[in-house]
Amino acid sequence: MSVTVRLPDGKATEVSGAQSAFETIAQVDPALAKASLVARMDSRLVDLSTVPREGSTIEPVTNGDPEALEVYRHSSAHLLAAAVLELFPGAKLGIGPALMNDPKGGFFYDFKRDEPFTPEDLASIEERMRALVKKNLPYRRIEMGKAEALERFSQDELKCHLIGEKGDAVASFYTLGDHFIDFCRGPHIPSAGRIRAFKLLSVAGAYWLGDEKGPPMQRIYGQSFFTREEMEDWLKQREEAEKRDHRRLGRELDLFSIQDEYGAGLVFWHPKGGLIRRAIEDFTRDELERRGYGLVFTPHIAQHSLWVKSGHANFYSDAMYAPMAIDEIEYQLKPMNCPFHIGIFAARQHSYRDLPIRLAELGTVYRYERSGVMHGLMRVRGFTQDDAHHFCTPEQARAEVLGCLEFALHVYRTFGFQYTVELSVRDPKNPAKYLGDDAMWSMAEENLALALEELALPYQRMEGEAAFYGPKIDIKVVDAIGRAWQLGTVQFDFNLPERFRIEYIGEDNRPHRPIMIHRALFGSLERFFGILVEHFAGAFPLWLAPVQVSVLPITEKQNDYAQRVREQLSGSRLRAEADLRGEKIGAKIRHAQLQKVPFMLVCGAREAESDTVAVRERHRGDLGAMRVDEFAARARSLVEARSLELNL
């Protein structure tokens, strides 16, 4: 039997097939075989114990491979479950996936158990996990027919549900030690001894498969890395992230709230948070107008038939709220703005001379998120998208993509973010699953790539990651503590223009289908605001700070002067407040510091006599005396420049 082994450097060697992927790789490079965690067989990840097929290509996957960490964490979840079953034999297993780029951890496992897990239990479970690692227990794959599997696990309703719903004709299971066996498609690393660094983090309530109507579960979160150094770095980042948690800061700084009695996942913007949101929106709208966008406003609701026409009712129904009957017609809250912008485009006939047409909206949409996945502002049920849609000719597509990218980079630089870029394209081996012809895809992918290259933007090409309706560019911003957040998207859409049959009249006087490009910068204002709070740790730059200046009289004798200073600052369009409480000046300064006010102006008898203020900056402390008009002019210049620094 002939098998090809392809090494990381691209070199391919044909060998005689052996009994396993491990032995096949070892024929070419024994050291690489020992370093491998799993293998890739014809582009599919498999266990190292898998027997290669005739003519297949085997590639080693080591910890340098982007996909290896997900497998490693999935195996860590199985290690957790094996330890739990040894210590608590009556527990029943739920699901246990890896969580890539999730703020809650690197993996979890759900358990059905009457008694709650305690912090002491977590310590015992982690200790047992380490004991299993020392034993170097192997991960073994077992296969059996679906009917046989349902019979064997007939006493475990959770497992039977998964086997029945997700199992193929031949179902696969994995064992680890004498107690653990679970339905799983795999693959897994060879043995538990390969897991070098892990930690259990917390226990949380959950529901079976995230369904509130299902049985309650207990979810244990954990994290794992290839090295102890990586784990230590992550734990330090996690500690810093907890200090920056937007939910805590939002409460302490009085920015927003989410109140269950009004509805889970629905955001209340408080006055201070509203001021920041307004600053973001004003900046965005000014840029939209400068860049030739038409600002539009669309309804929050539409007839159900519209969502059938757009395809959302069929492919997106799980994330939509249920229809409501009004005058015997069904309506639904909108989960997307796209069909509404198409409606505006289609409201009148367009010539090629009218194009490009750019429509933009800060449009509020509503999507059903299960209670188990909602997280502060990061996952909510009602949120505002900064949606824009470009309608253009094929010849204009490259310039439109370029404009979208330049806009996105300007926004992220303004807020002080670094960023990375991904280009998601078709899977060339499976063109049938994509909508649109080869010419359209080639045009779109080429224009996306050319725009990136024209801006000299490094990017990662993601083969097979395009949506079925078009290729896209995704931009991830990197925050102050190194976390990556998916924000910007520039997406071709070959689906909706066809579904809605929109047209423009071309130079040949015949109707043509326009190119439609979807563009988002923030994703949603709520999520972006949460990221922004954590990025700045609540200490916003001057132009965003809800209170930019706090005027602090030393005694009540200076209250009138402090009020005049505040009024003068307000006249210079600075957001200022005067703290006239009967507190000592030290307490007033501490309060302003805790509220992360950028500047504090201390007013004593000497300042009142000389029409000056003693300026304090929240990080650097005392900056000395300054005339009020001089301070106002310098502060105003920082605001107008949208400076990220507080250097007067």
Can you tell me which residue is farthest from residue 114 (Cα to Cα) among those in the stretch 44-64 that are surrounded by 18 or more Cβ atoms within 10 Å (Cβ to Cβ) and among the acidic types (Asp, Glu)? 59
If I filter the stretch 454-497 down to residues being over 19 Å from residue 412 (Cα atoms) and of a type in the set (Gly, Ala, Ser), which single residue comes out as surrounded by the fewest Cβ atoms within 10 Å (Cβ to Cβ)? 464
Can you pull out every residue in the stretch 572-582 that is of a type outside the set (D, E, K, R) and without any contact (Cβ under 8 Å) to a residue 40 or more places away in the chain? 576, 578, 580, 582
Looking at 461, 413, can you tell me which residue is of a type in the set (Lys, Arg), out of contact with any helix residue (DSSP H, G or I) (no Cβ under 6 Å at 6 or more places or on another chain) and either in contact (Cβ under 8 Å) with a residue 60 or more places away in the chain or farther than 23 Å from residue 528 by Cβ (or both)? 461
Is it the case that residue 520 is among the aliphatic types (A, V, I, L, M), more than 23 Å from residue 293 (Cα to Cα) and under 21 Å from the mean Cα position of the chain (by Cα)? no
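Residues are listed down the side, and each one gets a yes or a no for (1) within 25 Å of residue 523 (Cα to Cα); (2) assigned to a loop (DSSP other than H, G, I, E, B); (3) within 21 Å of the chain's Cα centre (by Cα):
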residue: 429; (1), (2), (3): no, yes, no
residue: 432; (1), (2), (3): no, no, no
residue: 441; (1), (2), (3): yes, no, no
residue: 445; (1), (2), (3): yes, no, no
residue: 450; (1), (2), (3): yes, no, no
residue: 453; (1), (2), (3): yes, no, no
residue: 458; (1), (2), (3): yes, yes, yes
residue: 465; (1), (2), (3): yes, yes, yes
Just to be sure before I move on: is residue 400 among the acidic types (Asp, Glu) and surrounded by 18 or more Cβ atoms within 10 Å (Cβ to Cβ) in the structure I sent? yes
Just for strands (runs of 3 or more DSSP E) wholly inside the stretch 1-60: which have at least 1 residues that are of a type outside the set (A, V, I, L, M), within 27 Å of residue 142 (Cβ to Cβ) and under 36 Å from the mean Cα position of the chain (by Cα)? 38-41, 44-46
Name the residue that is farthest from residue 215 (Cα to Cα), counting only residues in the stretch 110-159 that are hydroxyl-bearing (Ser, Thr, Tyr) and out of contact with any strand residue (DSSP E or B) (no Cβ under 6 Å at 6 or more places or on another chain). 124
From 56, 20, 16, 43, which residue is at pLDDT below 95, out of contact with any His (no Cβ under 8 Å at 6 or more places or on another chain) and at positive phi? 43
Of all residues in the stretch 359-396 being assigned to a strand (DSSP E or B) and among the β-branched types (Val, Ile, Thr), the one that is nearest to residue 286 (Cα to Cα): 384
Looking at residue 421, is it in the same structural domain as residue 488 (by TED's automatic domain parsing), crowded, with 18+ Cβ neighbours inside 10 Å and touching a residue at least 24 places away in the same chain (Cβ under 8 Å)? yes
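The values are calculated or read from the model by the stated rules, or taken from the named source; none is laboratory data. Nothing here was measured: the structure is a model prediction, and the numbers come from that model. Cβ sites come from the backbone with ideal geometry, for glycine too, and all protein chains shown count toward neighbours.
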